Amino acid sequence: MRDVAVIGVGMSEWGELWKKSLRQIFVEAALAAIKDSGVEKIDSMYVGCMSSGLFVGQEHLASLLSDYAGVSGISAARVESACASGGVAFRSGYIEVASGLSDVVLVGGVEKMTDVSGDGATYALATAADQEYEGYVGVTFPGLYAMMANDHMARFGTTREQIAHVAVKNHRHGAMNPRAQYPFEITVDAVLKSVLVADPLRILDCSPITDGAAAVILCPLDMAKKFTRKPAVRVAGSGSSTDTIALHDREDFTEFAATTRAADKAYKTAGVGPSDIQLAEVHDCFTIAEICVIEALGFVKRGEGGKAAESGLTALGGKIPVNTSGGLKSKGHPVGATGVAQIVEITEQLRGESGKRQVKGAKRGLTQNMGGTGGSTVVHILEVA
Amino acid sequence: MAGIVGYGAYVPMHRIKVEEIAKVWGADAESYKKGLMLVEKSVPSPDQDTITMSVEAARSAVKRARIAPSLIEATYVGSESHPYAVKPSGTVVSEAVGTSPNTHCSDFEFACKAGSEAMFVCIGLVQGGAIRYGLAIGADTSQGAPGDALEYSAAAGAAAFIFGKEDGLAKVLGTHTFMTDTPDFWRREYEYYPRHGGRFTGEQAYFRHITIAATQMMEKAGLKPQDFAYAVFHQPNGKFPMQIGQKLGFKKEQLEAGWLSPTLGNTYSGSSPMGLTAILDVAKPGEKIFMTSYGSGAGSDSFVFEVTKEIEKVQNLAPKTRQQLDRKSYIEYGVYAKFRRKILKSE
Amino acid sequence: MFPARYWREIPQRYRLEAGKCKGCGKTLFPPRIKCPKCGSTDFEIVRLPDSGVVRTFTVIRVGPSQFSDQAPYAVGIVELEGGVKITTQIVDCPPDKIHIGQKVKVEFRRIQEDGSAGIICYGYKCVPAV
């Protein structure tokens, strides 16, 4: 297996993009990444997208987007793993380069979520759950995570305020990110007063509905200098794991076992442990998710995630900054794009390009991207080459 | 002959008071309460219908029957609010209860006597030896037109009986029926609410048919009102069953155990059958029960039962009817209108 | 909801039919082809008990299209006697009275419908055990 580097990154605009279609958004990100990388030819392409079918009635994305990105003829595939679609697409691209099958691979993620009503978006997102035994009875994603929150609060004494701190921190970071969908700060009070979505989670605990795309270019590490003078960022570890699809089939509702398993594989390959990670982009689809994930990644002990959010451990300037991009909460969550956007953030941080939200001396970062209630999870560790 | 081997009832949790309805339509609550002898009625939640209530009542009947549900060979659901216009309620109920797949299944309809019809036919099949056990259900989630007198009483509930050849919990001593074509209350296809002939629904409809059926039943059985411990009649409101019962020679004390309408409302096909379940909940071995239903259009089914020793073993095996009646939660008219789909929404 | 997709799950939705693994005794709901615990493909059909305990819950205020009229409605994970857990609505209970550890029992209810002209889908919900 060859060492693989990320040599180019790009994002489209993120937000409610009424004037832009799915294909336009994707192409914007893809061309930005290609330009950033300096490559002239792409060998292969992966697209992460959760549900272009339900959102815009479009399947066969690989063909459509390779065509519109101007690279028709190459091998292209769409990858789906609910909200982990982008992360799994990245892993797929990584494997194709690492194996020697291709040299330059474009990995993109995209989601166009505003071409359906709010109800319609809630429904599409709910298809990440078990349709016959969770979705059938009317449970939603906020509902599933709310049930996790109630369990975490009952078992570990996590408070509503601690949970709210995750949103406050991520907005503080997002306010420094010119690409964020909601680049402004919020207060704990605002979170606690916002409209209830699924008790105890409120609208400000939930990542938004976003249109957007992100793309990266991968090539073998030893070819990086051929294309770019920017510091190459090496994929030091990659792990992927699944868990039961239904939350009710787990022994422990807040354990995120797939995250732990995927992280263990990534840590092992990279030869490092949680304390060697300097920053991370994790899947804060809901505030409570970030709390559980940092426990599952081994950044803090089980049950201490709430305290960590409250104490600033995971804020910029803290011991292990989490979601300097603003996370899904402030940056936005175009589902299929998120996993790729996490790679974009860590890559820029490791290159020293993150401006006001730069983590000083960042050399090693981690991304964690998961689908549904953690039924699929991918973890990547990136290092300055 | 035949006997009731199991029985059960289901009362939904929500209630709305007469005052609450009267308030919205500018009517005099006290005169409705006095005139109808009714204070409140049951309201089904949007996730309840004739089928769901029938299933719960039937499951209670199976618990009291203490038989494997797969031995049931007929399922008859009588209602005037079957959830589908075409597709039986009985097949859903059968599958949910777990009856034999070789179950004769039919939905019955005859205004408020659809439930007692189901009972009448089950008894016949069991007596004739065609089936071993039959399940007969009367259930409704009747609609009252907004602002109409019937809105105060149109309620929801279900009663289920399992009949077998053995004496069971209560022997069937006799059945009888009487019908004429009398257009007192009707609903045309595609109409949402029923209509009625006002005061015409009293003397020539309800009173006439119950009187004739009941009188002929007692004659046939060689029994008089004083031979019975309990009597229950179709109860569209609190007043009518008391009036007819006393007119036929029954005393108030005989009518009270089965008299549910003052706090339940009119459960249409469930009306006298649910009254019967409330009686069975308290009846003692050897006591005789008289029941006569009424369905607009019009007709009455009459039954005579005699309670056996088995009754005391099973009364507590499933929720009792008055116990469910007492477990309630009041709602306002707006919520009621939403629950009963009286509010026009865009599709 | 296309009729066949609904009809296929009727034994589970109406009668809580589960599969008990003959290899290791694990009960799976819905029944499966292969036991995730021991890998056996030999099962017997059993009916799950109709009572249990609330393990966690929430009140959904913003529901998907077919459920938006029902909001707010409570949903919980209920552990039935014997250990199998199901996700279900919790009804006939004021949301502020629902609690972890609450005893509930299963009732047959309407779950969703396909507009005013499509099929009605039935299934299980939980109510407080009296």
Rg from C-alpha atoms of the range B:111-197, normalised by the globular rule of thumb 2.2 N^0.38 Å, equals 1.37
Per the beta carbon screen (other Cys under 4.7 Å), unpartnered cysteines of the protein assembly as shown come out as A:CYS49, A:CYS83, A:CYS206, A:CYS219, A:CYS285, A:CYS292, B:CYS105, B:CYS112, B:CYS122, C:CYS93, C:CYS121, C:CYS126
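Longer than 21 Å from Cα to Cα, which of B:LYS41/B:LYS342; C:LYS85/C:LYS125; A:LYS19/A:LYS41; A:LYS329/C:LYS85; C:LYS26/C:LYS103 are they? Say none if no pair is. Please list the in-between numbers first.
Numbers: B:LYS41/B:LYS342 17 Å; C:LYS85/C:LYS125 13 Å; A:LYS19/A:LYS41 29 Å; A:LYS329/C:LYS85 31 Å; C:LYS26/C:LYS103 23 Å.
Correct reply: A:LYS19/A:LYS41; A:LYS329/C:LYS85; C:LYS26/C:LYS103.
Report the gain in length on full extension from B:VAL335 to B:ALA145: 0.36 nm times residue separation, minus Cα-Cα distance, nm rounded to one decimal.
Taking B:VAL335 through B:ALA145 to full extension adds about 66.8 nm, to one decimal.
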Hits in the range C:1-29: amide N under 20 Å from the 7 Å Cα→Cβ extension of C:THR41, namely C:19-29
Here the range A:232-238 yields Karplus 3J(HN,Hα) values (6.51, -1.76, 1.60; θ = phi - 60°; whole Hz; Gly and Pro given as x) of 7, 10, 8, 7, 7, x, 9
The distance between the Cα centres of the range C:61-91 and the range B:54-115, in whole Å, is 27
Hits in the range A:199-223: amide N under 18 Å from the 7 Å Cα→Cβ extension of A:THR159, namely A:200-202
Phi-derived 3J(HN,Hα) across the range C:93-107 with the Karplus relation (6.51, -1.76, 1.60, θ = phi - 60°), rounded Hz, x for Gly and Pro, is 8, x, x, 6, 9, 6, 8, 5, x, 5, 7, 9, 10, 7, 10
Taking every residue of A:240-253, the Cβ atoms of other protein chains inside 10 Å of its Cβ average out to 3
Whole-Å distance linking the alpha carbon centroid of the range A:153-167 with that of the range C:1-35 is 36
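Once the mean 1/r over all distinct Cα pairs of the range B:170-307 is inverted, what Kirkwood radius in angstroms do you read off? Walk me through the numbers before you get to the answer.
Details: mean 1/r = 0.0665 Å⁻¹.
With all distinct Cα pairs of the range B:170-307 included, I get 15.0 Å.
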Counting as exposed only chymotrypsin sites (Phe, Trp or Tyr not before Pro) in DSSP loop states with no more than 11 other Cβ atoms inside 10 Å, the longest exposed-site-free span of chain A is A:185-385
The answer for the net charge of residues other than A:VAL105 whose Cβ lies under 10 angstrom from its Cβ, with Lys and Arg +1 and Asp and Glu -1, is -3
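Write down the Kirkwood hydrodynamic radius of the protein assembly as shown, to one decimal in angstroms, obtained as one divided by the mean of 1/r over all alpha carbon pairs. Show your work: numbers first, answer last.
Details: mean 1/r = 0.0335 Å⁻¹.
When all Cα pairs of the protein assembly as shown are included, the Kirkwood radius is 29.9 Å.
Quickly estimate the mean residue ellipticity at 222 nm for the protein assembly as shown, helices only: each DSSP H run with n ≥ 4 gives -39500 (n - 2.57), and the total goes over all residues, rounded to 500.
After summing the helix terms and dividing by the residues of the protein assembly as shown, the value is -9000 deg cm²/dmol.
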Correct semi-axes for the range A:95-135, from √(5λ) of the alpha-carbon gyration tensor and rounded to whole Å with the largest first, are 34, 16, 4
Looking only at lysines whose Cα falls under 17 Å of B:LYS247's and that sit 8 or more positions away or on another chain, we get B:LYS224, B:LYS239
Inter-chain shielding metric for A:195-205, i.e. average beta-carbon neighbours from other chains within 10 angstrom, reads 4
In this structure, among A:LYS20/A:LYS169; B:LYS63/B:LYS313; A:LYS319/A:LYS356; A:LYS35/A:LYS230; A:LYS169/A:LYS363, pairs with alpha-carbon gaps over 20 Å are A:LYS20/A:LYS169; A:LYS169/A:LYS363
As straight-line cross-link partners of C:LYS20, the qualifying aspartates and glutamates (C-alpha separation under 12 Å, not fewer than 8 residues apart within one chain) are C:ASP42, C:GLU44
Volume per residue (Å³) of the convex hull spanned by the alpha carbons of chain A is 117
Taking the square root of 5λ for each eigenvalue of the C-alpha gyration tensor of the range C:38-107, the equivalent ellipsoid has semi-axes, largest first and in whole angstrom, of 27, 16, 10
The distance between the Cα centres of the range A:302-338 and the range B:222-278, in whole Å, is 68
Here the relative contact order (percent) of the range B:170-307, from C-alpha pairs under 8 Å and at least 6 apart, is 38
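The numbers here are math on the coordinates, done by the rules we state, and not lab data. Fair warning: this is a prediction, and the values are worked out from it, not measured in the lab. Note that we place each Cβ from the backbone using ideal geometry, even for glycine, and neighbour counts take in every protein chain shown.
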